[in-house]
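J.: Mind looking over this structure? Questions follow.
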Amino acid sequence: MIYLDMSRAVKRYLRKIKLFSTSERLYIILYSVCSIILNKLPKNVILTYDVYKKTLEHGYIIQKNGSKDLVKLEVNNVTVRVLLKRNSSDALVLKQIFLDQEYFAIISLANERNISCNTIIDAGANVGLTSIYFSKYFPNASIIALEPNKNTYQRLVENIKLNNSKNIITIEEGIWSTNTFLRGDYSFRDHNDWSFSLKETNTRTNDAIKCTTLDVLIEKSSWDTVDLLKIDIEGGEDAVFNTVDEVKGWLPKVKIVAVEIHNEFNCRDRIYNILTYYNFGIKETTEGLTIATNNNLI
């Protein structure tokens, strides 16, 4: 039965290419076979290879370190070392932060507007690369890095220690509109570590993830203002920017908001309306990042 099915499939395929010459058929068959092989290869391996190739082209150094890779690079003329997990989205985060310079628009804005970024919240810190990046441009800043994914958080702590970044405080929590417990979810986008998101749950289980509000976080920090709030929480911005009233305790205290808005949640217009209500100027970068500046504080 299997032989007959394969035979029919081959005949159907040959009928499709019969209009081509013999040499053209060979190219088409080779292309088809290569496509099948490529589609079966682990996507993360290929993506990591592409990122590492570009990393080496920048003159950076990559060394094998057990099951991880140690990358040495320069940020604002300062040497940075980061450990990346193989077969994960870590390499893509490296590309986003250090190669594509996604957050350099914030550095430029701070310099142009003479804004001293001394208090920074990194919500959705992943493995710590953004926090480390900010710390090299704002060496006097106190940075709070929040990451709710347990495994990712461990790599975050590891990278902070590796760079002796004593001005970065790590917290294994997520940001939400209320103090609550949520469950982790990998179903968003490419299902990789950097796509880890949070979903509300009616029951508190052993693996429930603790979340806090920005009101509580700022109060515990004893900060009068937050100079920079970076939010990349895989759709959680939909809950954080829920209503005008729910953000009134923290949003007016923030000078710069840098948020990645995920269009799957249809919350962009609402977030823009809330930011405009509190007198923020809004700008979209070419990397898809929304940067909003508080005209009342800047």
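The values are calculated or read from the model by the stated rules, or taken from the named source; none is laboratory data. Only a predicted model underlies this, so the values are computations on that prediction, with no experimental measurement involved. So basically every Cβ, Gly included, is an ideal-geometry build from the backbone, and we count neighbours across all protein chains shown. What goes into the accessible areas is simple: the full protein's heavy atoms, side chains included, and nothing from ligands, DNA or RNA. Shrake-Rupley method; radii C 1.70, N 1.55, O 1.52, S 1.80 Å.
J.: How far apart, in nm, are two points set 7 Å out from the Cα along the Cα-to-Cβ line at Ser35 and at Ile17?
T.: 1.1 nm
J.: Measure off, as a whole percent, the carbon and sulfur share of the 1.4 Å-probe accessible area of segment 238-298, all protein chains present.
T.: 45 percent
J.: Multiplying the sequence separation of Ile169 and Asp100 by 0.36 nm and subtracting their Cα-Cα distance, what value in nm do you get?
T.: 22.3 nm
J.: Of all DSSP beta bridges in the chain, what percent run antiparallel (nearest 5)?
T.: 60 percent
J.: Between Leu73, Val51, Leu146, whose Cα lies farthest towards the positive end of the dipole of segment 1-160 when Lys and Arg beta carbons carry +1 and Asp and Glu beta carbons carry -1, centred on the Cα centre?
T.: My answer, from the dipole projection, is Val51.
J.: How large is the accessible surface per residue of segment 204-267, computed with a 1.4 Å probe and reported in Å² as a whole number?
T.: 43 Å²
J.: Still on this structure, I have one more. State the extension gain, in nm to one decimal, for the chain segment bounded by Lys150 and Ile28, taking 0.36 nm per residue of separation less the distance between their alpha-carbons.
T.: Gain on extension, Lys150 to Ile28, equals 39.3 nm.
J.: In segment 107-185, carbon and sulfur make up what percent of the accessible area (probe 1.4 Å)?
T.: Looking at segment 107-185 in its full context, I get 43 percent from C and S.
J.: Which of rounded, prolate, oblate describes the chain, given a ≥ b ≥ c as roots of the alpha-carbon gyration tensor eigenvalues and a/c under 1.5 marking rounded, otherwise prolate only if a/b is larger than b/c?
T.: Because a/c hits 1.5 or more and a/b exceeds b/c, the chain counts as prolate.
J.: Do any of Lys85/Lys253; Lys72/Lys220; Lys150/Lys283; Lys11/Lys40 go past 27 Å between their Cα atoms, and which?
T.: Among Lys85/Lys253; Lys72/Lys220; Lys150/Lys283; Lys11/Lys40, the Cα-Cα distance tops 27 Å for Lys85/Lys253; Lys72/Lys220; Lys150/Lys283.
J.: How big is segment 1-157 by the Kirkwood estimate over distinct Cα pairs, in Å?
T.: Computed over segment 1-157, the radius equals 19.3 Å.
J.: Moving on to the next point. Starting from the 7 Å offset along Cα-to-Cβ, what nm value, one decimal, do you get for the label separation of Ser108 and Lys54?
T.: 1.7 nm
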